[in-house]
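The structure appears right after this line, and notes come after that.
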Amino acid sequence: VQLQASGGGLVQPGGSLRLSCAASGFIASMNVMDWYRQAPGKQRELVAAITSAGSTNYADSVKGRFTISRDNAKNTVYLQMNSLKPEDTAVYYCHVPNYRGSNYWGQGTLVTVSS
């Protein structure tokens, strides 16, 4: 199982980014997939999740601004981030909480929101 996250970068406040998480070794659409983030000096926190049925949930801090989705043909999960704020600055990780009894993390991608 591998998760390859990409799409991070430097963006101005109010801007947008789309993160991608390419999965291999398992079928992403058949599992819960989520995105976490960890800001400097803070604990890792859940940002968004999508179930195999397509249901989604979000942290209160990103509701209305972030959207999690997936492309089954590409076995990839996305996190569209709009109206970014400086407090969104963090390393973002994609994650599979339970695949055959184990959880897996991607390598993380850095998002910096700054003017």
Under a straight-distance cross-link criterion of Cα-Cα below 19 Å, which aspartates and glutamates are reachable from residue 74, leaving out those fewer than 8 residues away in the same chain? 34
Largest-first ordering by accessible area, 1.4 Å probe, given options 60, 88: 60, 88
So how strong a dipole does the chain carry about its Cα centre when Lys and Arg Cβ are +1 and Asp and Glu Cβ are -1, to the nearest 20 debye? 60 debye
Find how many whole Å separate the alpha carbon centroid of segment 9-53 from the alpha carbon centroid of segment 93-114. 6 Å
Convex hull over the Cα atoms of the chain, averaged projected area in nm²? 6.7 nm²
Roll a 1.4 Å probe over the protein heavy atoms and report the accessible area of residue 44 in Å², nearest 10. 90 Å²
Overall Cα dimensions of segment 50-111, principal axis frame, Å, largest first: 37, 23, 22
How far apart, in nm, are two points set 7 Å out from the Cα along the Cα-to-Cβ line at residue 53 and at residue 67? 2.2 nm
Karplus ³J(HN,Hα) for segment 95-100 (6.51 cos²θ - 1.76 cosθ + 1.60, θ = phi - 60°; Hz, whole; x = Gly/Pro) runs 7, 10, x, 7, 10, 6
Hey, got the Cα dimensions of segment 21-74 along the principal axes, in Å, largest first? 35, 24, 14
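The values are calculated or read from the model by the stated rules, or taken from the named source; none is laboratory data. As the structure is a computational prediction, the values presented were derived from the model and not from experiment. All Cβ positions, glycine included, derive from the backbone under ideal geometry; neighbour counts span all protein chains shown. Areas reflect the complete protein model, heavy atoms only, side chains present, ligands, DNA and RNA absent. Shrake-Rupley method; radii C 1.70, N 1.55, O 1.52, S 1.80 Å.
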